[in-house]
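One structure is given here, and the rest of the page talks about it.
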Amino acid sequence: MLIVGSITADVTTFSSRLPKRGETFLGDAFTLVLGGKGANQAVAAGRAGAPARMVGCVGDDLFRDLVYHGLRDAGVDVSHVRTVPGQTGVAHIRVDASGENDIVMVPLANAHLDEDQIDRAFDELGPRSRVMLTQLEIPFRLTMHAIRRAHEAGIAVVLDPAPAHELDDEIWPLVDIVTPNETEASLLTGIEVDSRDAAVAAGRWFVERGVRAALITMAGAGSVLVTADGITKHSAIPVEVVDTTAAGDAFAGFLAAGLAAGLSRDAAIERAGAAGALAVTKRGASPSLPTAAEVDALLASRIREDA
């Protein structure tokens with residue numbers, strides 16, 4: 001599978017609460033790790049066991065080795081990760097005691113990704129790929145270019161529309177599965193997603209515009225899959241939340257990996273939900289992304305509880 005998207009170094013601070021405007025507040029811990037929605041999802045897919053191939057850009061600064069090693073250690077193919085002059089993208093993340101976070105992402109090297117690089121990746125890797133996963137942390141014209149290339153090649157397109165912003169309707173008929181959370185679905189559809197019924201309405205909005213399947217995720221309330229054929233509700237796995245950073249990336253990466261492996265949509269969603277649940281139980285972005293064995297163990301424990 002192909003992952004086209006952003007790569008950053010994540011600078012994360014942890015504190016009992018977030019500082020007020022203009023306030024300096026003492027924190028509890030700090031991490032510096034690989035991040036970026038594209039890279040996180042590539043790592044998640046690699047840990048899920050998929051042949052994950054990343055397409056993106058990094059700088060030639062001191063963060064380069066950090067992000068390269070992070071991707072390679074997860075088994076991600078980085079042959080189409082290009083080094084460009086300047087700084088690697090950076091995300092500044094603040095996490096409070098409840099596990100909630102806010103993020104400022106500075107693209108930097110990610111802005112150097114271009115159509116030619118994406119084309120080279122598709123020309124070489126497209127014939128061996130069943131799924132293409134992408135997001136919205138790179139310029140939208142590049143996301144759209146990658147989606148068109150995948151659609152034309154018969155590669156299933158999974159779009160994680162984050163960070164959400166208004167999109168041209170021409171994108172939707174090219175998308176096989178879109179995976180917004182409540183906030184993203186609300187922004188994109190204009191429907192306030194504050195309940196399962198509202199999630200279903202938002203899902204129908206996407207399907208009416210040509211998306212084959214809309215999977216609205218609602219954290220502890222699970223997810224709702226809407227297609228032209230019907231609605232399927234998936235329950236969340238209750239866990240103790242430590243840090244919600246990268247939970248959506250774990251979900252998207254495992255979902256795409258499951259589809260690439262030939263799992264049914266429902267089976268891939270079940271594994272994605274377990275991966276997202278495990279991700280919130282650990283601090284950090286890429287360090288919180290689970291392995292296939294950890295997901296298997298969680299799902300097996302759920303089966304034993306239900307027996």
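Annotations
- Considering residues of segment 140-158 that are among the hydrophobic types (A, V, I, L, M, F, W, C) and closer than 12 Å to Gly38 by Cβ only, the residue surrounded by the most Cβ atoms within 10 Å (Cβ to Cβ): Ala146
- Only one of Leu113, Leu125 that is more than 20 Å from the chain's Cα centre (by Cα), aliphatic (A, V, I, L, M) and surrounded by 18 or more Cβ atoms within 10 Å (Cβ to Cβ): Leu125
- Per the conditions (1) surrounded by 23 or more Cβ atoms within 10 Å (Cβ to Cβ); (2) more than 21 Å from Gly258 (Cβ to Cβ); (3) at pLDDT 95 or above; (4) charged (D, E, K, R), the sole criterion not satisfied by Glu137 is (3).
- Boolean, Asn101 is touching a Gly at 6+ places or on another chain (Cβ under 8 Å) and closer than 25 Å to Phe251 by Cα: no
- Segment 49-72, subset of a type outside the set (Val, Ile, Thr) and either in contact with a Phe, Trp or Tyr (Cβ under 8 Å, 6 or more places away or on another chain) or in a strand (DSSP E or B) (or both), residue surrounded by the fewest Cβ atoms within 10 Å (Cβ to Cβ): Gly59
- Lone unmet requirement of (1) within 27 Å of Gly154 (Cβ to Cβ); (2) modelled with pLDDT of 95 or more; (3) in contact with a strand residue (DSSP E or B) (Cβ under 7 Å, 6 or more places away or on another chain) for Val200: (1)
- Of residues in segment 155-181 being in contact (Cβ under 8 Å) with a residue 40 or more places away in the chain and part of a strand (DSSP E or B), the one farthest from Ala246 (Cα to Cα): Ala156
- Residue match in segment 89-106 (condition: surrounded by fewer than 18 Cβ atoms within 10 Å (Cβ to Cβ), more than 21 Å from the chain's Cα centre (by Cα), assigned to a helix (DSSP H, G or I) and not basic (Lys, Arg)): no
- Checked across segment 218-241, the condition of being touching a residue at least 24 places away in the same chain (Cβ under 8 Å) and acidic (Asp, Glu) holds for at least one residue.
- Selection count where residues are β-branched (Val, Ile, Thr) and either over 30 Å from Asp116 (Cβ atoms) or in a strand (DSSP E or B) (or both), scope segment 73-88: 4
- Screening the candidates Ala202, Ala164, Ala252 for the property of being crowded, with 19+ Cβ neighbours inside 10 Å and over 24 Å from Thr281 (Cα atoms) yields one hit, Ala202.
- Members of segment 5-45 that are free of Cβ contacts under 8 Å to residues at least 40 places away in the same chain and assigned to a helix (DSSP H, G or I): none
The values are calculated or read from the model by the stated rules, or taken from the named source; none is laboratory data. Keep in mind that this is a model prediction, so the values were computed, not measured. A quick note on method: Cβ atoms are made from the backbone with ideal geometry, for glycine too, and the neighbour counts reach across all protein chains shown.
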